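Just so it is clear, none of the values below were taken in a lab; they were calculated from the coordinates. Quick caveat: nothing in here was measured; it's all calculated off a predicted structure. All Cβ positions, glycine included, derive from the backbone under ideal geometry; neighbour counts span all protein chains shown.
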Amino acid sequence: MMNTNLYTAVGKFHVKGSVGSMRCPLVTIGGREFILDMQEMMLWTVLNWRILAEDEIYLLYEKKVQETGFMSARSAEECVRRLVQRGLIAKGSGDTGEDALYDLLSELYVIPISENLFLRVISFIRLTLFSRLPYSVTKKIFSKDKRNDSEKKVMRLANRAILSTAEIIKCIDQNVLSFTTDEDLLNVLYHDEYTTSDNIAYAVRSLPQCRPIITSIANLYLRKQIIFERS
């Protein structure tokens, strides 16, 4: 059986200062700042808010190369491997697409995109005036996201605590959508002698809520409602 690999970007994009006329792009993950060169930034951007197979990554990368005229002596394949090693790109593998998607997302932390109106206005102005994206694209920033019941549960939990995909699955399977203290949360997630933060992704794989929640998290990500982080 052929192995399936899926990839996505991890972290949040920032621009910090500049060197001459060049802006300095970086990605923050878990409070750490990672500076990316042009090729790394292009590949990270290709995967930001996308979940792609390897061949899809390189097709989109080649399109960006043709648009920008950028060339690098390093191959795109080598650059992707480097980004995976640095933790800036996540990789999931499995015998099927479903297995690969679970492997990709289960240990990543789900971080909601801020719904603060001021930040949305700033984002709109930046994308429209500075990135020169058409209004038809940027107006989606103000469009209210339509979520199903499962997606609402995911967002409710993600807004209350920094949780991994596996931890969100466990909470929803236990029908726990709120908690008063961190201790209450830990009692839900790790109430037995077996489950730990190291094996919870394996422990929840067979739970009834696993498949619908994985689907919900993937869809929220593709709709730019969340980003993924690492601890």
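General observations
- Its residue count N fixes a reference of 2.2 N^0.38 Å for region 1-97, and the Cα radius of gyration divided by that reference is 1.12.
- Extreme residue, positive dipole direction of region 71-112, given options Thr96, Met71, Val84 (C-beta unit charges): Met71
- By average C-beta atoms within 10 angstrom, highest first, the peptides 93-99, 68-74, 41-47, 83-89: 41-47, 83-89, 93-99, 68-74
- Phi to ³J(HN,Hα) by Karplus 6.51 cos²θ - 1.76 cosθ + 1.60 over region 156-172, Hz, x for Gly, Pro: 4, 5, 5, 7, 9, 7, 7, 10, 6, 4, 4, 5, 5, 4, 4, 4, 5
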